[in-house]
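Every number in this text was worked out from the coordinates using simple rules, so none of it is lab data. These numbers come from a predicted model, not from an experiment. A quick note on method: Cβ atoms are made from the backbone with ideal geometry, for glycine too, and the neighbour counts reach across all protein chains shown.
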Amino acid sequence: MYLTRFQLMVSLMLTIAVLVSCKKQVIVVTAPAETYVKRKYQPGVSEIHVPVTIPIKNINDKLNKELNGIIYEDNSLEDNGEDNLMLKIWKRADFKVSVTKDRFDYELPLKIWVKYGKEILGVDAFGEGNFDLKVRFKTHLVMDSTWRVITHTESDGYEWVSSPNIQIAGMEVPIKWVADLILNRQKKDLSKMIDDMAAQYIDVKSYADGIWRSIQNPIEISSEPKVWLKITPHKFSMTPFYGDYGTIKSALGLVATTETVLGEKPTVINNQHLPNLLVTNTAKDDFFITLSTEIPYTTAAEIAKKLQVGQTYEFKEGKYKIKIEDLDVYGSGENMTVKTLLSGSLNGWVYLSGTPEYDELKKTISLVNVKYDFNTKNALMKTADWMFHGVFEKKIQESMIFSIKDQLDSSKKEIEKALNNNKIPPGIVLNGKLGSLDAKDILLTPTGIKTYVEIKGNLNIVVDSF
């Protein structure tokens, strides 16, 4: 049967209509530029608690080991204004140091030999004698900004153990007044001796200097992957000395930046100069470590692909359908760009943009406020306005969630292990505990999404021996 001219025209028009209705729309969009903010995260400073504990026994032992034999000697009867006295003072028993709160007490058991001359009935007569006494001193110790121990030692009285009498011409002559005069003269010298010994034996500067130098060397906290704890000290503070159960105590606060570094051992330029000391009434225990995690863009894209590639979405009650064929992500300044390759009712690359955000409860990085980028939005308005209304944007946002929980938990565990009785030379021991996490910053780098998290806790640094 032959078709009439009219029937041919109708058939052709229907064919054209079908072809037109089946025509696929193509979108061509200029991609957002791949750019990265040249900004580095600056970790905050924390304060590391450094207890200073000096056993009184150590000071007693050093004091008694060094001070033996004669402490003072005067072998002339004519010096000191012709006082007609010769004198020797030496240690009779071990010196004793005790401490109560902020006061330090010294007891010095002394033996004194005196030779004394006196005119009796026009004749010069001489006599000598030995007697014992206990001399007491009290002092307060403070540190100045140059790490010097400043002492304020003064006499706290003395006690005669045996009577200060000597035999002159067969007579026993009391010379307590002479002995008192001698001791009053020697108080200044004895006080200076105590001050010098305190400065020598309570050497906090060397203690702090050893910590300052050693702590700057990176500490390996994980071998696979390589992770290092880097501590950069800035300054020291110190509380006043006080006595407690046979010890002299104080607390140093080491203000430092603490962070973890992935990869090879970081190169550091050690600051060998110990800064001046800040004297304060309280020492804070406000320690935290800055921990960084990174999700490479390749990993983020693979996670999103598993959820999105192959998915089909319908619009306008099934009138339009699109299928996601491919997906990738990269950085555009402070935002992350998601590029999706579509087929179906719309063909081509579509670009969306969102801001990375940390979920503290779930320990995830998610992309929020996902919207079509400016160029894509303009192109869709001309070719496929049915793609609006937020449906596609919402679906993409739901797939942009990346967990860093395993990274954080693993790192925290390794750091806690490294801070458990970790001995670093020379004779320094680290002990710490970690607590809560607090995200501080998210940076889009050329390689991935980097998150900086502070792990709060406490850290004590103890030196094996003072």
Expressed as an acute angle from 0 to 90° and rounded to the nearest 10, what is the orientation of the C-alpha long axis of helix 176-201 relative to the principal long axis of the chain? 20 degrees
Candidate aspartates and glutamates for bridging to K316, where Cα separation is under 12 Å - those fewer than 8 sequence places away on the same chain excluded: D385
As I understand it, the dipole of the chain uses +1 on the Cβ of Lys and Arg and -1 on the Cβ of Asp and Glu, about the Cα centre. Which of G69, Y320, M336 lies farthest toward its positive end? Y320
The helix 297-308 Cα axis meets the longest alpha-carbon principal axis of the chain at an angle in degrees, between 0 and 90 and rounded to 10, of 40 degrees
Of the chymotrypsin sites (Phe, Trp or Tyr not before Pro) in region 206-262, which ones lie in a loop per DSSP and count no more than 10 other C-beta atoms within 10 Å? Y245
Match the structure shown to one of the listed values (1) 5, 22, 32, 25, 12, 4, 1, 0; (2) 4, 19, 29, 28, 15, 4, 0, 0; (3) 4, 15, 15, 12, 11, 10, 8, 7, 5, 4, 3, 2, 1, 1, 0, 0, 0, 0 of P(r) over Cα pairs in 10 Å bins from 0, in percent, computed from it, and give that label. (3)
Can you tally the net charge around E154? Count Lys and Arg as +1, Asp and Glu as -1, for every other residue whose Cβ sits under 13 Å from the Cβ of E154. +3
With axes computed from alpha carbons, what is the tilt in degrees of helix 5-22 against the longest principal axis of the chain, rounded to the nearest 10 within 0 to 90? 0 degrees
Suppose the chain between K138 and A199 were pulled fully straight at 0.36 nm per residue; how much longer would it get relative to their current alpha carbon spacing? 20.4 nm
State the answer as a single residue: which of F236, S214, S399 lies farthest towards the positive end of the charge dipole of the chain, with beta carbon charges of +1 for Lys and Arg and -1 for Asp and Glu, about the Cα centre. S399
Pull up the cross-link candidates among the aspartates and glutamates for K57, meaning alpha carbon to alpha carbon under 15 Å and not fewer than 8 places away within one chain. E66, D94, D105, E107, D244
Size of charge dipole - the chain - debye, nearest 20, with Cβ of Lys, Arg +1 and Asp, Glu -1, no other charges: 2800 debye
Placing +1 at every Lys and Arg Cβ and -1 at every Asp and Glu Cβ, with all other atoms neutral, what dipole size does region 245-344 have around its Cα centre, in debye to the nearest 20? 180 debye
222 nm [θ] for the chain, helices only, -39500 (n - 2.57) per DSSP H run of 4+, per residue, to 500? -8000 deg cm²/dmol
The alpha-carbon center of region 185-259 and that of region 365-442 are separated, in whole Å, by 39 Å
At a Cα cut-off below 17 Å, give the aspartates and glutamates reachable from K417, other chains included and same-chain residues fewer than 8 away excluded. E220, E224, E259, D406, D409
Mean separation of Cα contacts under 8 Å (at least 6 apart) over the residue count of the chain, i.e. the relative contact order in percent, is 17 percent
